[in-house]
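Below: the structure, in structure tokens.
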Amino acid sequence: MNRIEVILTLDMENLPDNFQEILKQEQEMVAQWRADGFLEHLYLREGRNGAVLIFKDVDDAQVKDLMQQLPFYKLSKSIEYLNLIMQF
């Protein structure tokens with residue numbers, strides 16, 4: 001099983017006034033991804049300026065497409081994609 005880690009950093013200096021509404025939409029979308037089975041983990045970054053998402057059983061193109069649908073995508077400062085190899 002492949003894993004892709006995505007490190008999302010938000011542009012905290014330019015958050016819109018409706019940030020709480022966008023956060024709610026973000027949480028709903030992430031919950032659906034978990035229910036669909038392709039989001040394995042979501043970690044908030046300690047500074048609360050982003051998150052680390054771990055996807056499973058999807059390819060690079062699918063992950064990038066999913067991330068572009070995320071409400072926080074437009075608020076991001078940077079997004080890193082890392083292909084991971086599980087070692088037993």
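Overall, the chain carries a charge dipole of about 140 debye about its Cα centre when +1 sits on the Cβ of Lys and Arg and -1 on the Cβ of Asp and Glu, all other atoms neutral.
Express the accessible area of the chain per residue in Å², computed with a 1.4 Å probe while the remaining protein chains stay in the model.
For the chain, the per-residue accessible area is 68 Å².
Whenever you get a sec, compute what percent of the accessible area on the chain sits on carbon and sulfur atoms (1.4 Å probe).
C and S fraction of accessible area: 49 percent.
Evaluated over the chain, the count of Lys pairs having alpha-carbon atoms less than 19 Å apart is 4 (only pairs 8 or more residues apart or interchain). Residue separation of K56 and M86 scaled by 0.36 nm, minus their Cα-Cα distance, works out to 9.7 nm of gained length.
Treating r as the C-beta distance of N2 and R45 and R0 as 22 Å, the FRET efficiency rounds to 0.40. Protection proxy ranking for 3-10, 24-31, using the average of other Cβ atoms within 10 Å per residue and placing the highest first: 3-10, 24-31.
Annotation for F38 and E13: the two label points, set 7 Å from Cα along the Cα-Cβ direction, are 3.5 nm apart.
The values are calculated or read from the model by the stated rules, or taken from the named source; none is laboratory data. Just so it is clear, the model here is predicted, and its values are computed rather than measured. Backbone-built Cβ (ideal geometry, glycine too); neighbour counts: all protein chains shown. All accessible areas refer to the heavy atoms of the entire protein, side chains included, with ligands and DNA or RNA removed. Shrake-Rupley method; radii C 1.70, N 1.55, O 1.52, S 1.80 Å.
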